[in-house]
Amino acid sequence: APTIQRADYRPLSWTVETVDLHFRLDAEATLVTNRMRCVRNRDAAEGPIRLWGEALERVSLTVDGAAPTAVREADGALEIDASGDAVLVEVVTRVNPRANTTLSGLYLSNGGFFTQCEAEGFRRITCFPDRPDVMARYTVTLEADRAACPVLLSNGNLVEEGLLPEGRHYAKWEDPFPKPSYLFALVAAKLVALERRVTTMSGREVLLQVWVEAGNLDRVEHAMDSLVHSMRWDEESFGLELDLDRFMIVAVADFNMGAMENKGLNIFNTKFILAKPDTATDLDYENVESVVAHEYFHNWTGNRVTCRDWFQLTLKEGLTVFRDQQFSADMLARAAGPEGAASARAVKRIDDVRVLRAAQFPEDGGPMAHPIRPDSYQEINNFYTATVYEKGAEVIRMLHTLLGQEGFRNGMDLYFSYFDGQAVTCDDFVEVMSEANNGFDLDQFMRWYEQAGTPRVKASGVWNAADGSYTLTLAQSTPATPGQHVKQPLVIPVAVGLIGADGRDVALRLEGEAQAGACTRVLKLTEDVQVFRFVGVSAEPVPSLLRGFSAPVILELDEDDARLAFRMAHDADPCNRWDAAQRYAERVALALAADPAAVVPEAFVAAFRTLLNDGALDPAFRAQALALPGEAYLLERMSPADPAALRSALVRMMRALGATLAADWLEVVERLQLAGAYRYHPGDAGRRALVNLALRYLAAAGMADGLALAEARFADATNMTERFGALAALVQSTSPARAAALQAFHDRHRDDALVLDKWFALQAGAWRWGDAAEPALARVRVLLSDPAFSLSNPNKVYALLGTFFRANPGEFHAADGSGHAFWVEQVIALDARNPQVAARMARALENWRHFTPALQASIRPQLERVLAAPGLSADVAEIVGKALG
Ligand code: DPP
Ligand code: ZN
């Protein structure tokens, strides 16, 4: 596929003002009539009307009612010569929703019609200038069989509906706001809605609906509550109000992504809507809340102000992820009350940092590394990445840190006042942030949008006893990434604290300042190397750097075990306290991986024990701090990466921590386990998380009491968090009760697709705890032919194959290469149905060059096999091509 360059952006010669769409919905032959008023774009060079189309049968095409004089096909688009300033183009197409297994465009799910248009799915419905800089007003008429599809929805307001002959009916929708085609949506299905009416900040009453299949109506309350909370939060935090009379969310079981922010008609993966205590875990509840918020927040950051071109994707995604992270932190803090608010916020921050390190750091260190605003792509669907989303959110967070809460808000206000109703760029956003803050200089800051790779900040400190000064030297560098060999220094906010020997923070005073100020302050690192001199430091301090994870960088600081243990016990910044535990665990894991005979150091176990037994610490925080770092992250830190050696190290650590601290873990379970009805509340969730972690350690170590506890909790659990936590502990052990528990879980939830996803994932992610244990691949192969599994359903693929490929490296990279051969089979099978899903799975091997020579030798021919497969999609070809490139 050709590579598309950001620098090649040109406005289109013709744009669209209004679109009138008519759908005669039919499972195999839907007729789409599209009447667009195309207008000449005075700001662009002269040229033809350009319309993109894909997988369409074109039935007719007229311009102002007549056959067009000149039509050509060029670069996958139709080019139509037209004269004058405005013409009416009518194009009629026929599409086959049943045959559409890509889940992009118009498709069927359980007998209903659904659409997904971001990024370029609209061109699979009709011929259109399918780019986000074409913003038009839409009128949509849907016509369908009334019995099969009683509910007909599209964007905006319902203006007309009625019956038609032959058992059919229709509905007409009008969206008052101009929008890009990627925000178009329709739904025609048999659904029911939970409804709520709420009043917005300006006093308008609006109707909220969450549409699901009838059998799921008992699990939409939480999604509805989350929507109402999101609306309130955006009003209070940013003065942003819902601009429609009606806001709809529809849940669908077959969906490539998490959810989609179509104007007024969000379409969601059921995974991020449905929740009730018996089927959803605390984490599911949390995810529903944050995804509902994310999509709702897009109504302003994404829909009212959208992206000029897809290179600017982070303009809406980075900003909206930042907003949903802030929202979740506020919600957690509010629920935790004044006492627990700070810890609740920190736990949320730690979650976000974990995701960034596990998903984004490896991406930034591999062949797909790209700036948050990429310079080129082959397939845009491959760029809905952790870099664009999560690193993009970190970049916004740094702006927020540099400008302050109020300065940031002023910038947002100005952004909407300038750009409402427009399609703009990341430069526009950053410029307006500067303008709203007295011309705050953000020129160098723009490099965060231009440079790929995770920056390293190397820190060293020297305390001078003679003059009581502490000199901190910070040096930054960013490793080369594909196509970017030279990197410029970035603006890096480094939040710093100094901890005294008594464990308390020292009030900080930089040389030249009249008096000491706060205990944490943000240093601005802008040069390659900078020196900061603190004075009035009477004893040697322990530095605590990058507090709150103030920048998306890797901090390199020489700390011995004793210092890490000290910070684990005393760092006033919870993020750094967590990070100290992670660093210590990383050091032990890498040492054990390098030496099969090495044992877990006692001092490490003691440091964990101190943290575990610190009752002043919120259980949710302890659960975070006592969980070992993720395997994907650790593999990136290992050179060469050896998944089998790392797995062996982690098994030894789990067993040592489980066995040595058995009495402590048992006491935690005893003390913290909850009685009474389940409620989703962060305090309760924290207790459940720590209890589940305790069971994991106890079971891994094969402690009889722990296994008995896990079995009992599995049998008696009254909610999914406890049932699944206990099951996970049993599965990650040599317990003989393992198989029976898996079977019981399956039988109890056999009719519940989302719960079965958990069951598939748990088995695909299982480690081997004894020599006799079944390899995960053997289990995965069996599960592939389970009647509940389907390669056509993305959630199933992510649960079974995604977990095996991406979350079980110790098994996937088996030395005999069986996992790699299996990967080829599955990627090729998936690619024939759904290239987007296939490409996601394909990414599991992209960092193969970091592995041991033996693994590289096993993987290379498999990558080559995929690349040589006939009919490979552009999606997979880009991933595998870059991996081999
Ligand atoms: N725009 C969606 C989201 O991130 C993904 N397509 O919300
Ligand atoms: Zn988004």
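The values are calculated or read from the model by the stated rules, or taken from the named source; none is laboratory data. As the structure is a prediction and not an experimental result, all values here were calculated from the model. Cβ: placed from backbone, ideal geometry, glycine included. Neighbour counts: every protein chain shown.
Taken as a whole, the structure places THR15 among residues that are out of contact with any Phe, Trp or Tyr (no Cβ under 9 Å at 6 or more places or on another chain), touching a residue at least 60 places away in the same chain (Cβ under 8 Å) and crowded, with 19+ Cβ neighbours inside 10 Å.
Just one residue in the set ASP26, ASP20 is outside any strand (DSSP E or B), of a type outside the set (Lys, Arg), assigned by TED's automatic domain parsing to the domain that holds LYS172 and within 22 Å of ILE267 (Cα to Cα); that residue is ASP26. Among the residues of the range 256-266, the ones that are within 14 Å of ligand 2 (Cβ to nearest atom) and assigned to a loop (DSSP other than H, G, I, E, B) come to 6 in all. Any idea which residue in the range 262-287 is surrounded by the most Cβ atoms within 10 Å (Cβ to Cβ), counting only those that are touching a residue at least 24 places away in the same chain (Cβ under 8 Å) and polar (S, T, N, Q)? Filtering the range 262-287 for residues that are touching a residue at least 24 places away in the same chain (Cβ under 8 Å) and polar (S, T, N, Q), the one surrounded by the most Cβ atoms within 10 Å (Cβ to Cβ) comes out as ASN262. Please work out if TRP211 is away from ligand 2 (no atom under 16 Å from the Cβ), out of contact with any Ser or Thr (no Cβ under 8 Å at 6 or more places or on another chain), outside any helix (DSSP H, G or I) and modelled with pLDDT of 95 or more. The answer is yes for TRP211. Selection within the range 304-320: residues that are more than 8 Å from ligand 1 (Cβ to nearest atom) and either modelled with pLDDT under 95 or surrounded by 24 or more Cβ atoms within 10 Å (Cβ to Cβ) (or both). The member of this set that is nearest to GLY156 (Cα to Cα) is THR306. Taking the criterion of being within 30 Å of PHE408 (Cα to Cα), among the polar types (S, T, N, Q), surrounded by 14 or more Cβ atoms within 10 Å (Cβ to Cβ) and out of contact with any strand residue (DSSP E or B) (no Cβ under 7 Å at 6 or more places or on another chain), would at least one residue in the range 198-221 satisfy it? No; the residues of the range 198-221 include none that is within 30 Å of PHE408 (Cα to Cα), among the polar types (S, T, N, Q), surrounded by 14 or more Cβ atoms within 10 Å (Cβ to Cβ) and out of contact with any strand residue (DSSP E or B) (no Cβ under 7 Å at 6 or more places or on another chain). Answer yes if at least one residue in the range 370-384 is assigned by TED's automatic domain parsing to the domain that holds VAL430, part of a helix (DSSP H, G or I), within 16 Å of ligand 1 (Cβ to nearest atom) and in contact with a Pro (Cβ under 7 Å, 6 or more places away or on another chain), and no otherwise. Yes, the conditions are met somewhere in the range 370-384. THR301: assigned by TED's automatic domain parsing to the domain that holds THR425, β-branched (Val, Ile, Thr) and either more than 18 Å from the chain's Cα centre (by Cα) or within 14 Å of ligand 2 (Cβ to nearest atom) (or both), yes or no? No: the conditions fail for THR301.
Answer yes if at least one residue in the range 234-248 is within 13 Å of ligand 2 (Cβ to nearest atom) and in a loop (DSSP other than H, G, I, E, B), and no otherwise. Within the range 234-248, none of the residues are within 13 Å of ligand 2 (Cβ to nearest atom) and in a loop (DSSP other than H, G, I, E, B).
Scanning the range 419-435 for residues that are among the charged types (D, E, K, R), surrounded by fewer than 17 Cβ atoms within 10 Å (Cβ to Cβ) and closer than 28 Å to VAL16 by Cβ gives ASP420, ASP427.
Only one entry in GLY411, GLY407 is buried (at least 22 other Cβ atoms within 10 Å of the Cβ) and either over 30 Å from ALA807 (Cα atoms) or more than 23 Å from the chain's Cα centre (by Cα) (or both), namely GLY411. Every condition in (1) more than 25 Å from ASP8 (Cα to Cα); (2) within 16 Å of ligand 1 (Cβ to nearest atom); (3) not hydroxyl-bearing (Ser, Thr, Tyr) holds for HIS400 except the one numbered (2).
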